[in-house]
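Heads up, the thing below is written out as structure tokens.
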Amino acid sequence: MKISLTVNGKQYAHEVEPRMSLTHYLREVLNLTGTHIGCDTSSCGACTVLLDGVAVKSCTILAVQADGCEVTTIEGLAQGSDLHPIQEAFREHHGLQCGFCTPGMVMTAVDILQNNPNPSEEEIRHGLEGNFCRCTGYHNIVKSIQHAAEKINA
Amino acid sequence: MKNIDSDKHLRGESLYLDDLPTLQGSLHAMVFASPTAHGLLQKLELEEARKSCGVWGILTARDIPGENQIGNIIPDEPLFAEKEIHYRGQPIALILAESREAARQARQKIKVEIEEFPAVTTAEEAFEKGMFITEPRTFTMGDVDRAFAKCAHVFEGKTFTNGQEHLYLETQAAYAIPAEGDQIKIISSTQGPSQVQKAAAQVLGLPMHKIEVEVIRLGGGFGGKEDQATPWAVMAALGAQLSRRPVKLVLSRSDDLLMTGKRHPYSARFKIGLDENLKILAYEARFLQNAGAAADLSPAVAERTLFHATNSYFVKNARLSVYSCRTHLPPNTAFRGFGGPQGMFVMEAAIALAAQKLKIEARHIQQANLLQEGDRFPYGQRAEQALARKSWETAYLHYKADDLCRKAEDFNKKHEYIKKGVAFMPICFGISFTNTPMNQARALVHVYRDGSVGISTGAVEMGQGVNTKMLQVAASCFSIQPERIKIETTNTTRVANTSPSAASATSDLNGKALLKACEQIKKRLLKTAAKELKTNPQKISLQNECVLIDKKDSGLRWEELVQTALLQRVSLSETAHYATPKIRFDKKREKGRPFSYHVYGTAIITAKVDGLRGTYQIESVQIAHDFGKSMNTAIDLGQVEGGLVQGLGWMCMEELAYDKNGRLLSNALSTYKIPDLFSVPERIEVVPLEDEGHEAAILKSKAVGEPPLMYGIGAYFAILNAMRAFQSDLEPFFNAPMTPEKVLTGLLKKQVKNKPLHVEKRQIG
């Protein structure tokens, strides 16, 4: 099937198999490998991207479902050398270790703060409940998002 | 200093194995594994699969030019099963195809007939049947039988700790690329590149120098990629050797869960004897380790169980033995703590049982027995710079433990159906590979003519921040900006014969080697500067990219110095080797000084249990930890928090389940629960011990990878203590993980006997 979509501000049109997942389209067709595959079963959240501004697990979205949509991946978040405030906060507050879950965490955090610029700790935890991290113990991730919220609102 | 990979991680630019651009002509590999745990392979039909669209070929044991053997400590593990099947998930064949999808479709067409035999899945059953990996080991100190006879109190019990899936978020993966002639380059997601190299050479029938292994970084390892990254890397290499095409093998999550080993489940029996003053006079423990179907690292894991069986306590008379039992599960392997946590759990269970029977709090027994300077461990080493008591006292005072316990008691008086429990968890963890020869490392440093620096060591970055620490070592030695330094990939052609990144010792070993190499180059540079500035080398020093004479700026800058040295034909490269001094262990006598030093700490864990539902929340974990002189507080704190949460997961929620036929039931993230944001403690506090550090630690910054995991053990006992608050005569049970189901059934045992709880009276705490 033919799809056309915008990814990180760039227009793309491709012929894809109807059963190709959005993750595989991003990784294998567009070579945007920042979106990771952790579980294949939409449990871990490492593959989270924004589809028309909403965080989705791209492993359970078909590429054809993204036809006509705007997709933002981790690669599209920073403006040149300037990191997005959430990225900045993850760096400053050590919200990462091995980095594998990080893109998914950051993209989910973008969604959380878009919907709720002043989330409580509880709301952040609720928002991130579909994302696993095996390294950090989460505290620094929550802290990073709290600081990002403060910075965005300042 | 921030983790040097932060920026790349956050931009999605870091390259994990599956992110590497696929070279033209690459094949994708998929493993066909046994659907049966124990049996004899009678028939393997590959023809239909071979004809499947896009299939290049299917490899089995017959295609191996070298030896069908990848066992590390003991050669008991074939790469592909030939006749005997030892576990469900054991690789039988490798499909090579043009795409992953083509490989997957072909895999479904493989037919196998196996004559099935009953499977042994528990260590107890294997023990009864005499199925062992190696000879049992026993550590003895003092006269245990005589000491027991003198004890005022003796208690016996048994324990079980389940295994634990590593669940590194990046699954096992390798990419093998044929090079000129018969050489192969393997890019692997492994903690042990040299082990991959050795095993690949053996299977491919090539000398090691024809196999190059490279590691960029790992998306988590936790021990699961120490030995168990090897088969996939070797399979990819075999595929590349036979097809002469690049071969990528990335396990799907379900294949990874099915085919790889986990933390070892342990069953144990213990006997503990105390005197009137709560001093532990004698302790005996027998551990049955569920090793799975092959040795893997099990003998070494078993050994560490014995090393840590008395945890942070001085036990004058101890007899500790371990049996490594062969079962029909995937070979269990290294996992953060490496058998130590399993040993410590039993000691803590023994103390908890004694406390319950004596109607006192466990902390009184714990405190009375903490190690002191010069006390001997059962393996003969003396405790030096022993911080068991200091860490206990620091935690006790800093977190006002008496208040904490009193508040919990007050809470419990006021609440009928929700109770709190507080537990103390002191830890003592030995640093060094217990196999002494592994305690060596090498580093290679190049200073380039523009003043930039490239560093290669044997260390593998897997999130623990070792690359950041290596960079700090070099930057501080040369006194140059971190931006000038690049940490290269880990590659066996640059640094050979490496020990795996494991045993918490990676920064110490590689950092010490790196420091030596940097110091050699620095010495030559100082000599060059002295010559250039016509002064004595002793007067020269480097600071902030400047050359100083008698601590005053000479005007000579780092780049100029490097240029000058090059023109004067001074070597700007160096390789160095480090071997940990003063360690030895005699396995015949089971005595020695296996550890370079010990890491200590104490955690206070508070849990709140809902007696009607069995659910609980870990309210807080308050830790006093022995970092030495931490060279990177952010990274080290991250290790403490992450390790703790992984330990909590093992103790409280991660329930590995196999059925009696050896079939993994917890075979997806939906059925195997790792800690999520809601199950981590509401509060984690860490206070560093004021401490000089240890000479053997890199820049006196002590190893931090594994020790904090064992704070998690305290969560089990905090929950148990809360259960005691419901029922003072609760019969304690030691069967980890303490899932809510176990809490509930544990409490119900008595409630059912007497009277059911009245739900309408429920109070919300």
- Item | Matching option when the condition is surrounded by fewer than 21 Cβ atoms within 10 Å (Cβ to Cβ), touching a Gly at 6+ places or on another chain (Cβ under 8 Å), within 9 Å of chain B (Cβ to nearest Cβ) and not β-branched (Val, Ile, Thr), among A:GLU75, A:GLU88, A:GLU70 | A:GLU75
- Query: What are the residue pairs meeting all of these: first residue in the range B:500-518, first residue within 19 Å of B:SER189 (Cα to Cα), second residue of a type in the set (S, T, N, Q) and open to solvent by 20 Å² or more (accessible area, probe 1.4 Å), Cβ atoms under 7 Å, and 6 or more apart or on different chains?
  - Reply: B:PRO500/B:GLN195
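Looking at this structure, is B:ASN661 within 14 Å of another protein chain (Cβ to nearest Cβ) and modelled with pLDDT of 95 or more?
Values: within 14 Å of another protein chain (Cβ to nearest Cβ): no; modelled with pLDDT of 95 or more: yes.
No; evaluated as a whole, the condition is false for this residue.
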- In the range B:24-37, is there at least one residue being assigned to a loop (DSSP other than H, G, I, E, B), open to solvent by less than 30 Å² (accessible area, probe 1.4 Å) and over 21 Å from B:LYS109 (Cβ atoms)? yes
- Task: Report, by residue number, each residue of the range A:91-111 that is surrounded by fewer than 21 Cβ atoms within 10 Å (Cβ to Cβ) and more than 10 Å from chain B (Cβ to nearest Cβ).
- Result: A:ASP111
- Query: Has the range B:719-737 got any residue that is under 30 Å from B:GLU156 (Cα atoms), in a strand (DSSP E or B) and open to solvent by less than 40 Å² (accessible area, probe 1.4 Å)?
  - Reply: yes
- Of all strands (runs of 3 or more DSSP E) completely enclosed by the range A:1-117, which ones contain at least 2 residues that are over 16 Å from the mean Cα position of the chain (by Cα)? A:2-7, A:10-15
- Just a yes or no: is a residue in the range B:225-235 open to solvent by less than 10 Å² (accessible area, probe 1.4 Å), of a type in the set (S, T, N, Q) and closer than 30 Å to B:THR671 by Cα? yes
- Message: Are there strands (runs of 3 or more DSSP E) fully within the range B:117-214 with at least 2 residues that are of a type in the set (A, V, I, L, M) and within 28 Å of B:SER504 (Cβ to Cβ)? List them.
- Response: B:173-178, B:184-188
- Just to be sure, is B:GLU113 touching a residue at least 12 places away in the same chain (Cβ under 8 Å), open to solvent by 60 Å² or more (accessible area, probe 1.4 Å) and not aromatic (Phe, Trp, Tyr)? yes
- Task: Only one of these is among the hydrophobic types (A, V, I, L, M, F, W, C), open to solvent by 30 Å² or more (accessible area, probe 1.4 Å), touching a residue at least 24 places away in the same chain (Cβ under 8 Å) and within 14 Å of chain A (Cβ to nearest Cβ): B:LEU20, B:LEU15. Name it.
- Result: B:LEU15
- Query: Of all residues in the range A:10-50 being without any contact (Cβ under 8 Å) to a residue 40 or more places away in the chain, aliphatic (A, V, I, L, M) and open to solvent by 30 Å² or more (accessible area, probe 1.4 Å), which is farthest from the other protein chains (Cβ to nearest Cβ)?
  - Reply: A:ALA13
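Yes/no per residue for (1) closer than 29 Å to A:GLU122 by Cα; (2) of a type outside the set (A, V, I, L, M); (3) open to solvent by 50 Å² or more (accessible area, probe 1.4 Å):
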| position | (1), (2), (3) |
| --- | --- |
| B:VAL609 | yes, no, no |
| B:THR615 | yes, yes, yes |
| B:GLY628 | no, yes, no |
| B:LEU644 | yes, no, no |
| B:ASP659 | no, yes, no |
| B:PRO681 | yes, yes, no |
| B:VAL686 | yes, no, no |
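Could you tell me whether A:LYS2 is charged (D, E, K, R), farther than 22 Å from B:SER14 by Cα and at pLDDT 95 or above?
Values: charged (D, E, K, R): yes; farther than 22 Å from B:SER14 by Cα: yes; at pLDDT 95 or above: yes.
Judged against the criteria, A:LYS2 is a match.
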- Where a residue in the range A:51-75 is over 14 Å from A:VAL16 (Cβ atoms) and at pLDDT 95 or above and its partner, wherever it lies, is in a strand (DSSP E or B) and open to solvent by 40 Å² or more (accessible area, probe 1.4 Å), with Cβ under 6 Å and at least six apart: A:ASP52/A:GLU70
- Give the residue, chosen from B:THR436, B:THR468, that is under 25 Å from the mean Cα position of the chain (by Cα), buried (at least 20 other Cβ atoms within 10 Å of the Cβ) and β-branched (Val, Ile, Thr). B:THR468
- Total residues in the range B:298-327, condition touching a Phe, Trp or Tyr at 6+ places or on another chain (Cβ under 9 Å), within 17 Å of B:HIS86 (Cα to Cα) and open to solvent by less than 10 Å² (accessible area, probe 1.4 Å): 3
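Run down B:ILE64, B:ILE70 and say which single residue is within 33 Å of the chain's Cα centre (by Cα), farther than 20 Å from B:THR36 by Cβ and either of a type in the set (Lys, Arg) or surrounded by fewer than 23 Cβ atoms within 10 Å (Cβ to Cβ) (or both). Step through it out loud before you land on a result.
Values: B:ILE70 fails: either of a type in the set (Lys, Arg) or surrounded by fewer than 23 Cβ atoms within 10 Å (Cβ to Cβ) (or both).
Being within 33 Å of the chain's Cα centre (by Cα), farther than 20 Å from B:THR36 by Cβ and either of a type in the set (Lys, Arg) or surrounded by fewer than 23 Cβ atoms within 10 Å (Cβ to Cβ) (or both) holds for just one of B:ILE64, B:ILE70, which is B:ILE64.
Collect the residues in the range B:446-482 that are assigned to a helix (DSSP H, G or I) and away from chain A (no Cβ under 14 Å), keeping them in residue-number order. Steps first, please.
Within the range B:446-482, the subset assigned to a helix (DSSP H, G or I) is B:466-478, B:482.
Within the range B:446-482, B:MET470, B:LEU471, B:GLN472, B:VAL473, B:ALA474, B:ALA475, B:SER476, B:CYS477, B:PHE478, B:PRO482 meet the criteria.
The values are calculated or read from the model by the stated rules, or taken from the named source; none is laboratory data. This is a predicted model, so every value here is computed, not measured. Heads up, the Cβs are rebuilt from the backbone with ideal geometry, glycines too, and the neighbour counts pull from every protein chain shown. Surface areas here come from the heavy atoms of the whole protein model, side chains and all, with no ligands, DNA or RNA. Shrake-Rupley method; radii C 1.70, N 1.55, O 1.52, S 1.80 Å.
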